[in-house]
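The next block holds one structure in the form of structure tokens; read it before the comments.
The values are calculated or read from the model by the stated rules, or taken from the named source; none is laboratory data. Because the structure is a prediction, the values reported are computed rather than measured. As a convention, Cβ positions derive from the backbone with ideal geometry for all residues, glycine included, and neighbour counts pool all protein chains shown.
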């Protein structure tokens, strides 16, 4: 049972990392395309 729990935890971690990376890419694209933090210029948005 403990081995199964370790496998389940690894699967959850990998799934979380995949979604985290996808969310990071989405937010980065929104930032660069002036969809969020629109009051900042492009140079300042790249610093964020």
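Output the number of residues of the stretch 5-35 satisfying the condition of being in a helix (DSSP H, G or I) and in contact with a helix residue (DSSP H, G or I) (Cβ under 8 Å, 6 or more places away or on another chain). Give the derivation first.
Going residue by residue through the stretch 5-35, those that are in a helix (DSSP H, G or I) are 5-32.
Checking the rest, the ones that are also in contact with a helix residue (DSSP H, G or I) (Cβ under 8 Å, 6 or more places away or on another chain) come to 31-32.
Number satisfying all stated conditions: 2.
Looking at (1) in a helix (DSSP H, G or I); (2) at pLDDT below 90; (3) surrounded by 10 or more Cβ atoms within 10 Å (Cβ to Cβ), which is the one condition that is false for residue 40?
It is condition (1) that residue 40 fails.
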